[in-house]
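Data block below; observations after.
The values are calculated or read from the model by the stated rules, or taken from the named source; none is laboratory data. Because the structure is predicted, anything quoted here is derived from the model rather than measured. Backbone-built Cβ (ideal geometry, glycine too); neighbour counts: all protein chains shown.
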Amino acid sequence: MTPSSPATVADYTVVIPAYRAAATLADALDSVMAQTAPAREVIVVDDGSPDREDIARIVAGYGGRVTLLQQDNAGPAAARNAGVRASGGTWIAFLDADDSWLPHKMQAQLALASDPRAGLLHGGAREDRLALPADMGFDLLWRGNRICTSMSVVRRDIFEQLGGFFESPELIGAEDYNLWLRIAHAGWRVRACQGLVGHYTPAEGSLTSRIERCAMAEIRNAKQLGRLLELPKRDVRWKLRAIRTDFARHLIHARRPLPARRLLVRALFERPTLERIGLMSISYVPARLLDMRRRLRKRGRRTQYCL
């Protein structure tokens, strides 16, 4: 497969789960319609959203170019799976309703699809993040998730072969990472299109902002995949410590010290490191002092830029 010309419809389907998405869905769809490699089909899955009338009105505004599916609320994994089942594209491009694509996104990514071993394609979603590895094997991906769901494109037959997204409510927030790891473990290449291909802009109150819930989902995900893929126990223990440390850092940043300590204590007991000791110590610093330090750091950066 080669990059499509602007007049050629490419063999991919776009699947967009929608829940409380009326405020952002049109922007997401507009970014899909602006692609230099137009999609074969675009499917929006209303996941039992309370604003479903608004979602239906927005979809209707695209004059038949977008298909709307409606289901009872079952979570993002179930919504994406439903969209894939209703689709016909060789490749499935996922986009969340609060994110958007740059016009060249799909054309650039489909250039990588000519690789017969490519199973998952992705690309940059935030300008402030480091460049993505061009190729990620399982070991590198296990160390950390660098893949934004809204910039991901999956080969359809692989998606079906692996059973799609696992729909367990306990995995909400990690169901995407779960699939990426299964794809890589099965031997398929995970390839990144270099440079920014879209914008990750989670709405206020979205799943990614629920730090504790995501932390628990990540822990369950690591344990589940450890059993399913028969991973070495030392690798699973390392991953669990890394998850607890990383999310404790986020919780401290959000000024939620108690759940941060609950996550840290086990990792600190199993493998004390200077980083974990430091984070535990910081969790006992009064929030007003941490806020003061944050303001001073921001002020220092602004002063530096003016020099």
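Results, tabulated for the structure shown:
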| read-out | value |
| --- | --- |
| Residue match in region 251-262 (condition: outside the structural domain of R297 (by TED's automatic domain parsing) and crowded, with 20+ Cβ neighbours inside 10 Å) | no |
| Residue among I43, I16 that is in the same structural domain as E167 (by TED's automatic domain parsing), part of a strand (DSSP E or B) and in contact with a Leu (Cβ under 6 Å, 6 or more places away or on another chain) | I16 |
| All positions within region 147-177 that are in contact with a Leu (Cβ under 6 Å, 6 or more places away or on another chain) and assigned to a loop (DSSP other than H, G, I, E, B) | F165, G173 |
| Selection status of A113, within 19 Å of L162 (Cβ to Cβ), touching a residue at least 60 places away in the same chain (Cβ under 8 Å) and assigned by TED's automatic domain parsing to the domain that holds E167 | yes |
| Residues of region 20-73 classified as among the polar types (S, T, N, Q), surrounded by fewer than 21 Cβ atoms within 10 Å (Cβ to Cβ) and farther than 20 Å from H199 by Cβ, total | 4 |
| L140 being without any contact (Cβ under 8 Å) to a residue 40 or more places away in the chain and not in a loop (DSSP other than H, G, I, E, B) | yes |
| Single match in P50, P76, P38 (criterion: free of Cβ contacts under 8 Å to residues at least 40 places away in the same chain, assigned by TED's automatic domain parsing to the domain that holds L196 and closer than 23 Å to S168 by Cα) | P50 |
| Members of region 238-254 that are touching a helix residue (DSSP H, G or I) at 6+ places or on another chain (Cβ under 7 Å) and part of a helix (DSSP H, G or I) | K239, L240, R241, I243, R244, T245, F247, A248, R249, H250, L251, I252 |
